[in-house]
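Report on one structure; see the data block that follows.
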Amino acid sequence: MPVQIAHMLLLAVVTGNGPGYYNSGRFYRRSVPLRDILRHLDSRGYKKRVDELNHPDYHKLSQHKLAEKGLLKLLGFPVTRFIAYFHPRSGRSATGQPVTTAQELEQLLLEDSADRICFKQPEGWAGHGFRAADVVRSANSVKLQMMGATGASCSVEELLQTGIGNHGVLIEEFLEQHPALSKIYPSSVNTYRVWVKVGTDGVSRPLMGFFRLGRSGSIVDNQSSGGILSLIDIDSGVVGTATDGMPDHEDFDCHPDTGEQITGFALPFWEEAKATACAAVAAFPKLRFAGVDIAIAASGPYVIELNVSPDREGAALMRIPSRNFMED
């Protein structure tokens, strides 16, 4: 214990990171070298470096999901099918029809082919505001069978009355994930987060990757929403032991809900996912660094979103010093 306290104090003095970060990185483990502990940027240093790599004026281009999706789609990246952007004043469908009322949205869903859809807040993060539903059609109306713990059924109007579309909401066809990933945990689309940096030579390179899994009936895989994650071997695509986001950081070799093996699992389409993530970061102007969320269908990778300032505690949790990959 005295050694751990000394390291904690040294971390605070040298890097500015406090006890919470020390615990997040599980730096109390004897297997973590002190030299690695001291190579973690604090929050201010990390933000400063992010802004050096990604021009602040361009952050919103990828932080607003409508703008982000438009750029990715325009450049031919694999993305989930866009159905509409609902907004009380400016909503439009993918075919240019107004989608500003419950009646217009219901008619659109009645005519659309998607049997399962999702709703995304344009500037949502960590899975907040995400909803998914099965579309149940009758002769001239639509019911939404919501996915998740409640599984409630509601009309389009009832859903909008919750305020989900007050400031706009993207509506997309729900991605059917790869069977091997669904077997591990079927309730969420389980994604790869690939951290990518464009070097001074202009070449995009994958820095590290996490495999993210939902749990406990959640329809999102974010660790902040109760999910678990594990480090991906960047070369082989083989997954390590998973951990949760609780203070004690419980480890899992198998998924706690399904019992399916996680540790040692070889991810499908890993090479293709890395290449797609690298190309996506390079496609955005004035962007050199991002965490790219990649979903995997039976046909291959899909870009879900880019995060221009991915949570630095992800690197700490996987015990990868941020200075090692943030510096040129």
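If you compute semi-axes √(5λ) of the Cα gyration tensor in Å for the structure shown, which of [x] 31, 26, 21; [y] 40, 25, 16; [z] 36, 22, 18 do you land on? Only one option fits the structure, namely [z]. Overall, the stretch 158-217 carries a charge dipole of about 420 debye about its Cα centre when +1 sits on the Cβ of Lys and Arg and -1 on the Cβ of Asp and Glu, all other atoms neutral. Other residues lying with their Cβ under 9 Å from the Cβ of residue 256 contribute a combined charge of -2, Lys and Arg counting +1, Asp and Glu -1.
Let me check I've understood the local charge: for residue 215, count other residues with C-beta under 13 angstrom from its C-beta, Lys and Arg +1, Asp and Glu -1. What total comes out? Local charge sum for residue 215: -4.
Axis angle, to the nearest 10 degrees, between helix 102-111 and the longest C-alpha principal axis of the chain: 90 degrees. With the Kirkwood sum run over all distinct C-alpha pairs, the stretch 82-173 has a hydrodynamic radius of 13.0 Å. Computed per residue of the chain from DSSP H runs no shorter than four, each worth -39500 (n - 2.57), the mean residue ellipticity at 222 nm is -8000 deg cm²/dmol. Here the stretch 85-120 and the stretch 1-20 have alpha carbon centers that stand 52 Å from each other.
Any idea what angle helix 270-283 forms with the longest principal axis of the chain, computed on alpha-carbon atoms, 0 to 90 degrees, nearest 10? Long axis of 270-283 versus the principal axis of the chain: about 80 degrees. If R0 is taken as 25 Å, the Cβ-Cβ distance between residue 66 and residue 235 corresponds to a FRET efficiency of 0.10. Taking the 0 to 90 degree range and rounding to the nearest ten, how far is the long axis of helix 2-15 tilted relative to the main principal axis of the chain, both from C-alpha atoms? In the chain, helix 2-15 runs at an angle near 70 degrees to the longest axis.
A short reminder: the numbers here are calculations on the coordinates, not readings from a lab. Quick caveat: nothing in here was measured; it's all calculated off a predicted structure. Positions of Cβ are backbone-derived with ideal geometry, glycine not excepted, and every protein chain shown enters the neighbour counts.
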